[in-house]
Amino acid sequence: LKMSWLRFYLPLHVLMAACLCQSIKAPTTSSQQSFRTDLFNFYHSLILADGKETTVHLMKDIPKRYYFVLEESRVLSPFTVTVTPCDVPIEWSILVHKASASSLGRETQGDHDTQTQKAPSMVSTIFNYKGNSVETYMGMSSHSALYMLEFLSTERDTHITVYLMTDTTSGHLYPELPMDPRIDVIGVGHTTVTLTWKHSPSVLQHRESIQYCLLVNEKHNYKSLCAAETAIRSSGMKLPPTLTLSLSPYLLEPQQVMILSNSELSIINKVSSGEVRQICMGTKNTYTVPSLSPSTQYYFDVFVVNLLTNASAAYTGTFARTLEEPEPKVTKLKDGKVVQVFLDGKKQKFYSLQYQARHKKVQFSFQLCHGQVRVHIMKNGKTVASENISEQRYFSLKGKLLDTYLVQLRSTEESNSSVKVQVSPHFHKPLFPLLPESLKIKSFSKLRTCNSVTIAWLGTQEESKYCVYKRRIEEDQVWRELQSTDRCSGPESRHKSEKVLCKYFYDLNLQRAVTTETIKGLDAGTLYLFDVYLFGPSGIPVRYHSKVIKTRKKC
């Protein structure tokens, strides 16, 4: 026992167990009992690796202990301990035992009443902390000493990382932060925020192995990259380790989108609390975050990352609120004038039209050209009509002179939509002709031949003009033709050779307002696209739904 136990790493536990057993045999004081408890804690601890980041898993209310040994030195030797909480706040402390082996031996032999009472306290706490920030303890030692780190989580199970460094000449595991680690917001727009920060000294020294990564979210700032990744995982998605720290491709989850452009790696994580974006931009220290939502508060965190070790250091996070979206431009409607509106399905924005009434009665007419559209009409700020339209639609409204009407339109689909709009005080001069119950074209399979087909469509009680057009198409064009049809386009967009015939008809009895037509001179086994246009008093045509029919191969 007279030999220094600090010089023998492996028998450390054996020696401490012997000390503990022998001390139990002697009469004890309260200080001796406390000392034996501390020794017992040391004995049931784990060795903390030096120069390597250690992940520690903590269970709620159960402390976990690690120890490390510093040998005697002629000069003061610096050492650091860095602890990074990855979720909830934790409590941690550093205890030191500075006794020599000879003092331990004197306590376990001879006159216990005199020797042990004169011995000073063997264990002391030199540091303690509670919180969720990354904290580093820097110490100096020249004596042989045994250190113990104790960690405790009182909120829930969690994990942390611990880094011990006793050889300060080997360089830093963590990239260095500048003296001023704040992120500055230098520009805010409706959908963008521009950030800048001071360079890390590590970037200037090791440009090839260091890069900056930016985290953007709508919830709060994160004090470490470890905490950010934990938060993303807890939201229900699987996150590959060190997600932002490598530009090498890997398999993403369905909730993730990776974008690589201009040497920047962007990863968008779809989580329950919104999007979490991770952008790695190399060594640039100014960045404009694009594609943000207007009038929304975002939190920004910058991490300087060592690509060789995956270790990172966090700048002081910031936040900014994007500007409110500007009021949409309002188009003025004039009596009897037709306006065609094109709507972006991806942006899902309202397009606004305004009309000031010059009559007590007004009629709004809508002709859907493509897609599906939501129509919302307000009179003097109050809603008077709101519905989705898929074909033609009239809204006849009554009010007072100089009432202000606001018409708002938006696409209900992700694809683009378009619609024609007219407002008029003349109820007796509608924009569109009187429409039948259905705009479908019917074909008769039994009447199909190798060179002719027979079609039918509904008419109305009002005499109107109907024109039939045909066009030959291929099998792979059918879906595209039916999806891209512009129902507002008239026969003027068709080639003259596609025209088949025009005819007038009507029937006061709607049950008999049906007409048929046999189109001859077709090729056998060929697909044809048929269209019927209905013309009313205003001259604006209404297009029936296109019909694709194939002639018989053999007759």
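The values are calculated or read from the model by the stated rules, or taken from the named source; none is laboratory data. Quick caveat: nothing in here was measured; it's all calculated off a predicted structure. No Cβ is skipped: glycine too gets one built from the backbone with ideal geometry, and neighbour counts run over all protein chains shown. For accessibility, only protein heavy atoms count, side chains too; no ligands or nucleic acids. Shrake-Rupley method; radii C 1.70, N 1.55, O 1.52, S 1.80 Å.
Excluding Ile47 itself, calculate the net charge of residues whose Cβ lies under 14 Å from the Cβ of Ile47, where each Lys or Arg counts +1 and each Asp or Glu counts -1. Working shown, then result.
Details: positive: Lys52, Lys64, Arg65; negative: Asp50.
Net of charged neighbours comes to +2.
Quick one: ranking Tyr212, Tyr66 by accessible area, 1.4 Å probe, largest first, what do you get?
Values: Tyr212 0, Tyr66 20 Å².
In descending accessible area the options line up as Tyr66, Tyr212.
In square angstrom, rounded to the nearest 10, how much accessible surface does Leu508 have for a 1.4 Å probe?
Using a 1.4 Å probe on the heavy atoms, I get roughly 130 Å².
In square angstrom, rounded to the nearest 10, how much accessible surface does Glu325 have for a 1.4 Å probe?
Per-residue accessible area (Glu325): approximately 90 Å².
Quick one: what are the phi-derived ³J(HN,Hα) couplings along region 188-194, Karplus 6.51/-1.76/1.60 with θ = phi - 60°, whole Hz, x for glycine and proline?
10, x, 5, 10, 9, 9, 9
Kindly identify region 414-555 as rounded, prolate or oblate by the Cα gyration tensor criterion: order the square roots of the eigenvalues as a ≥ b ≥ c, call it rounded if a/c is under 1.5, otherwise compare a/b with b/c, prolate if a/b is larger, else oblate. Mind showing how you got there, number by number?
On the way: a/c = 2.27, a/b = 1.43, b/c = 1.59.
Taking the square roots of the gyration eigenvalues as a ≥ b ≥ c, region 414-555 is oblate.
Order the following by accessible area, largest value first: Arg410, Arg74, Arg233, Arg543. Probe radius 1.4 Å; ligands, DNA and RNA are ignored.
Details: Arg410 65, Arg74 245, Arg233 95, Arg543 25 Å².
Accessible-area ranking of Arg410, Arg74, Arg233, Arg543, largest first: Arg74, Arg233, Arg410, Arg543.
So with the 1.4 Å probe, I'd like the accessible area per residue for region 409-555, rounded to whole Å². Don't skip to the end; give the middle numbers.
Numbers: 8160 Å² over 147 residues.
It amounts to 56 Å² per residue over region 409-555.
Filter the trypsin sites (Lys or Arg not before Pro) in region 168-230 down to the DSSP loop ones having no more than 16 other Cβ atoms within 10 Å, then list what survives.
Lys198, Arg207, Lys219
Hey, got a sec? Which trypsin sites (Lys or Arg not before Pro) in region 303-351 land in a DSSP loop and have at most 16 other Cβ atoms within 10 Å?
Details: sites: Arg321, Lys329, Lys332, Lys334, Lys337, Lys346, Lys347, Lys349; in loops: Lys329, Lys334, Lys337, Lys346, Lys347, Lys349.
When the trypsin sites (Lys or Arg not before Pro) of region 303-351 are filtered for loop state and at most 16 Cβ neighbours within 10 Å, Lys329, Lys334, Lys337, Lys346, Lys347, Lys349 remain.
If you rank Arg358, Arg393 by how much accessible surface each has, with a 1.4 Å probe, what is the order from largest down?
Numbers: Arg358 175, Arg393 80 Å².
Sorted by accessible area, descending: Arg358, Arg393.
Using only C-alpha atoms and all pairs of different ones, pull out the Kirkwood radius for region 330-424 in Å with one decimal. Kindly include the intermediate steps, with their values, before the conclusion.
Values: mean 1/r = 0.0758 Å⁻¹.
This gives a value of 13.2 Å.
Per-residue HN-Hα couplings for region 541-548, Karplus 6.51 cos²θ - 1.76 cosθ + 1.60 at θ = phi - 60°, whole Hz, x for Gly and Pro?
Per residue, the Karplus-derived 3J(HN,Hα) values read x, 10, 9, 5, 5, 4, 10, 9 Hz.
Run the 1.4 Å probe and let me know the accessible area of His143, rounded to the nearest 10 Å².
In the full protein context, His143 sits at about 120 Å².
Any idea what the dipole of region 320-479 comes to, in debye rounded to 20, about its Cα centre with Lys/Arg Cβ at +1 and Asp/Glu Cβ at -1?
On the way: 28 positive and 16 negative charges, 109 e Å.
Taking the Cα centre of region 320-479 as origin, the dipole is about 520 debye.
State the volume of the convex hull built on the alpha-carbon positions of region 275-355, expressed per residue in Å³ and rounded to an integer.
On the way: hull volume 11.0 nm³, N = 81.
Expressed per residue, the convex hull around the Cα atoms of region 275-355 is 135 Å³.
Compute the Cα gyration tensor for region 127-177, then decide on rounded, prolate or oblate, letting a ≥ b ≥ c be the square roots of its eigenvalues: rounded whenever a/c is under 1.5, prolate when a/b is larger than b/c in the other cases, and oblate in all that remain.
Details: a/c = 2.42, a/b = 1.40, b/c = 1.73.
Here region 127-177 falls in the oblate category.
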